[in-house]
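The values are calculated or read from the model by the stated rules, or taken from the named source; none is laboratory data. Everything numeric in this text was worked out from a predicted model, so none of it was measured. Neighbour counts are summed over all protein chains in view; Cβ atoms, including those assigned to glycine, are modelled from backbone coordinates with ideal geometry.
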């Protein structure tokens, strides 16, 4: 026993050391317990005399009470290793008390059951079912399980087996299944009618990079710590935490603080950490869940669609209103029933605004606290209804939320291309879908990358995920593969092991960017999701999403999807020589601005026609670019070029070293082979309806287009910015690191010497592109001129590994040029094609129209 006490004290000393260091460095509470620490605490509960000893972390506590507090409050819920250690320890204490009649003197069996109940399923569910099977606390556990939704398929199957063992088990389990079928677990999933708060006012174009800076990506899973970096690089929003604390000091009992923003809130990356920051700023502490906060109200003039979906998925209420006149500190009242926002109510300056709420289905998700419990509850209800039907248990006309959303039309409506692809994957039997309609859709695969991947795997464990339910999961190491720290190499190993053990495929460092490689898994009939805002496949339709939504697709292989409207963009004719796919990207902005306004793309799907002359890589440059338009997705019709690309991709997949060992690769090889037997190539119906239609006459593009600082939509012709001195050139990323782009940039550079004042870096998008550059001599053209060619990957694009200097001006082929994304706030970035970048590398400045066409070969 003395040895157990010594081990416990040693464990607590180590925990204290980390806790005190964290408090002194960041002012934050300790991180959640690890599995080994949980096991040590349970072992310590076997020691004698804990009640007579004390221990101080930040204050002196009686030793037994300290151990119980840590077990109660400092362990994550879900299926994390620590969650399993806690559930196992509690179940063991119960079994020893009830089977061996050896009650633990510090934690009774009844108390242990209460702690298992408070875990809300996940790792606790299988232990509860095991106790039920041993006829321990049967009635109590039946009632606990009625309120539990984090139930895995394996847990459910275990209950089905128990129901067949004896009549009493069957009676209790039938009672449980009927409760689940009627969604009794959702009885308290309700939103208040009114919300009161004070306005924390921020400006326009607050990006996810401002809420979650790229250069601090390594701290994203440490939600309280990462939130401390909010608005780093957004100089006009400094001291947000100080402003928040000042407002909180002024709130009354029923008030909170509302985040009030201008237009385009949350544009940019899909990173879930931006939403985590909002929770840390606005949310209430979740009892029994370390570091977690819940709830919050965000009001904005407009939202980027990915960010808005992420807020909904986290149980945060996003409201759209004209926030122009709302000021910092204004008193706000939200009335959901009247859909009104009252500013400074009950005062002489009171006025009201109309608010736009999320659709009813999403309001239900917010009421559930977000998608983790809502989606798990929906899946559990569906399994329970199937059980009841199979066992002759009457459930009446009860429906799942997804079934309640099915809308039947009298006649088949005409469909856009995106609608046809989504409808093809509906799981409710209906073969059409209209804007605003929500349906459960099969999503064959999911992409994950290494800066959002750790958050995705955290979310996966929070929702009690087992083996992947999606047909394929592709995890990349492209954002941190170059020059990783030891911590990042540890993350690489964690991601590789986590993903491959559950049936996914993990790319090697240097193997390629997630989109470049992941696109090779995708068919024209697929709906795909990915944890990166540039998950915009050139065939099928793909929806970028935050980590919890990606984790849900990984777990279930499906997702509830609300269909967005489409905007049709038709490219007319062919572009002049020297005008590239990257210029067509900028043309999307210019011609929308000339006609219906560039905001038309926000939250809609961009459907592009007239691109038959483009290769698959060039089509991806187009679909990728819809991210910067804040569009929800981008699609182009598939054709013979697509089929040829798919045939090439099949050979690539068969040549992979994990072609036989990885379920994701095997599943995709089979899916492609099946597809090629009878290719399906969707096109839009001629009478399909669009929110707008835009035509772009390509012969009018007589010079390249570039995006000026600090926004990709800040588009200008080359002649407007000619002569701008450039310090840094980067040719790479998923839209500038393709083979053709690099080869044509090298053709421009060949025979010249890059000025000493210009740093030119080239980053191929994949290893096979890198190898081809060596074989065909392109690499030599670049290096002989003075360029540096780096490991395939994301390079400078996100700004987390590579950065530019203070006051520097860069010209890059990356996707975004937001302030502070790839350098300090006083740096500037221009975006354009690889061909223009090659000219900049040679000249040291942005070329004139004449200089460009002279150098372009």
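If the requirement is being buried (at least 21 other Cβ atoms within 10 Å of the Cβ) and either at positive phi or touching a strand residue (DSSP E or B) at 6+ places or on another chain (Cβ under 9 Å) (or both), which of these qualifies: 638, 586? Testing whether each residue is buried (at least 21 other Cβ atoms within 10 Å of the Cβ) and either at positive phi or touching a strand residue (DSSP E or B) at 6+ places or on another chain (Cβ under 9 Å) (or both) leaves just 586.
Just to be sure before I move on: is residue 464 closer than 23 Å to residue 153 by Cα and touching a strand residue (DSSP E or B) at 6+ places or on another chain (Cβ under 7 Å) in the structure I sent? Spelling it out, it is not the case that residue 464 is closer than 23 Å to residue 153 by Cα and touching a strand residue (DSSP E or B) at 6+ places or on another chain (Cβ under 7 Å). What are the residues in the stretch 108-136 that are in contact with a helix residue (DSSP H, G or I) (Cβ under 6 Å, 6 or more places away or on another chain) and not in a helix (DSSP H, G or I), if any? Those that are in contact with a helix residue (DSSP H, G or I) (Cβ under 6 Å, 6 or more places away or on another chain) and not in a helix (DSSP H, G or I): 122, 136.
Does residue 70 fit the bill of being under 18 Å from residue 13 (Cα atoms), touching a residue at least 60 places away in the same chain (Cβ under 8 Å) and in the same structural domain as residue 115 (by TED's automatic domain parsing)? Answer is no for this residue. Note on the stretch 838-850: residues that are surrounded by 19 or more Cβ atoms within 10 Å (Cβ to Cβ), touching a helix residue (DSSP H, G or I) at 6+ places or on another chain (Cβ under 9 Å) and assigned to a helix (DSSP H, G or I) amount to 5.
Does the stretch 809-818 include one or more residues that are on the phi > 0 side of the Ramachandran plot, surrounded by fewer than 24 Cβ atoms within 10 Å (Cβ to Cβ) and in contact (Cβ under 8 Å) with a residue 60 or more places away in the chain? Within the stretch 809-818, none of the residues are on the phi > 0 side of the Ramachandran plot, surrounded by fewer than 24 Cβ atoms within 10 Å (Cβ to Cβ) and in contact (Cβ under 8 Å) with a residue 60 or more places away in the chain.
Out of curiosity, is residue 293 under 22 Å from residue 252 (Cβ atoms) and either in contact with a helix residue (DSSP H, G or I) (Cβ under 9 Å, 6 or more places away or on another chain) or buried (at least 18 other Cβ atoms within 10 Å of the Cβ) (or both)? In short, yes.
Would you check if there is a residue in the stretch 192-210 being within 25 Å of residue 488 (Cα to Cα), touching a helix residue (DSSP H, G or I) at 6+ places or on another chain (Cβ under 6 Å) and in contact (Cβ under 8 Å) with a residue 24 or more places away in the chain? Yes, there is a match, as at least one residue in the stretch 192-210 is within 25 Å of residue 488 (Cα to Cα), touching a helix residue (DSSP H, G or I) at 6+ places or on another chain (Cβ under 6 Å) and in contact (Cβ under 8 Å) with a residue 24 or more places away in the chain. On inspection, residue 728 does not qualify as more than 35 Å from the chain's Cα centre (by Cα) and closer than 30 Å to residue 210 by Cα. A single member of 777, 751 is surrounded by fewer than 24 Cβ atoms within 10 Å (Cβ to Cβ), over 24 Å from residue 844 (Cβ atoms) and over 35 Å from the mean Cα position of the chain (by Cα), and it is 777.
Look at the stretch 209-221 and say how many of its residues are under 20 Å from residue 29 (Cβ atoms) and at pLDDT 95 or above. Going through the stretch 209-221 one residue at a time, the tally reaches 0.
Evaluated against (1) surrounded by 15 or more Cβ atoms within 10 Å (Cβ to Cβ); (2) under 30 Å from residue 855 (Cβ atoms); (3) over 30 Å from the mean Cα position of the chain (by Cα), residue 688 falls short on exactly one condition, (2).
Please indicate, with yes or no, whether at least one residue in the stretch 44-53 is closer than 29 Å to residue 457 by Cβ, surrounded by fewer than 18 Cβ atoms within 10 Å (Cβ to Cβ) and touching a helix residue (DSSP H, G or I) at 6+ places or on another chain (Cβ under 6 Å). Looking for residues that are closer than 29 Å to residue 457 by Cβ, surrounded by fewer than 18 Cβ atoms within 10 Å (Cβ to Cβ) and touching a helix residue (DSSP H, G or I) at 6+ places or on another chain (Cβ under 6 Å), one finds none in the stretch 44-53, hence no.
Residues in the stretch 1-30 that are touching a strand residue (DSSP E or B) at 6+ places or on another chain (Cβ under 9 Å) and more than 17 Å from residue 48 (Cβ to Cβ): 13, 16.
Within the stretch 401-427, the set of residues being farther than 19 Å from residue 686 by Cα and at pLDDT 90 or above comprises 425, 426, 427.
Only helices (runs of 4 or more DSSP H) whose full extent lies in the stretch 206-270 are considered here, and the ones with at least 2 residues that are in contact with a strand residue (DSSP E or B) (Cβ under 8 Å, 6 or more places away or on another chain) and closer than 25 Å to residue 331 by Cα are 240-248. Going residue by residue through the stretch 459-473, is there one that turns out to be assigned to a strand (DSSP E or B) and in contact (Cβ under 8 Å) with a residue 24 or more places away in the chain? Within the stretch 459-473, one or more residues are assigned to a strand (DSSP E or B) and in contact (Cβ under 8 Å) with a residue 24 or more places away in the chain. Here residue 480 meets each of (1) in contact (Cβ under 8 Å) with a residue 40 or more places away in the chain; (2) buried (at least 24 other Cβ atoms within 10 Å of the Cβ); (3) under 16 Å from the mean Cα position of the chain (by Cα) with one exception, condition (3).
Assess whether residue 119 counts as being outside the structural domain of residue 352 (by TED's automatic domain parsing) and within 32 Å of the chain's Cα centre (by Cα). Yes, satisfied. When residue 397 is tested against (1) over 26 Å from residue 526 (Cα atoms); (2) surrounded by 24 or more Cβ atoms within 10 Å (Cβ to Cβ), just one condition goes unmet, and that condition is (2).
Exactly one residue out of 333, 340 is in the same structural domain as residue 218 (by TED's automatic domain parsing) and in contact (Cβ under 8 Å) with a residue 40 or more places away in the chain: that is 333. Scanning the stretch 254-286 for residues that are free of Cβ contacts under 8 Å to residues at least 12 places away in the same chain and touching a helix residue (DSSP H, G or I) at 6+ places or on another chain (Cβ under 9 Å) turns up nothing. Annotation note: of 236, 245, the sole residue that is at pLDDT below 95 and either surrounded by fewer than 18 Cβ atoms within 10 Å (Cβ to Cβ) or over 27 Å from residue 818 (Cα atoms) (or both) is 236.
Could you grab me the full set of residues in the stretch 604-629 that are part of a loop (DSSP other than H, G, I, E, B) and surrounded by fewer than 19 Cβ atoms within 10 Å (Cβ to Cβ)? Passing the criteria: 610, 612, 613, 615. Out of the stretch 660-679, which residues are surrounded by 17 or more Cβ atoms within 10 Å (Cβ to Cβ) and touching a residue at least 24 places away in the same chain (Cβ under 8 Å)? Selection gives 662, 663, 664, 665, 667, 668, 671, 672, 675. Filtering the stretch 304-320 to residues that are in a strand (DSSP E or B) and touching a residue at least 60 places away in the same chain (Cβ under 8 Å) leaves only 317.
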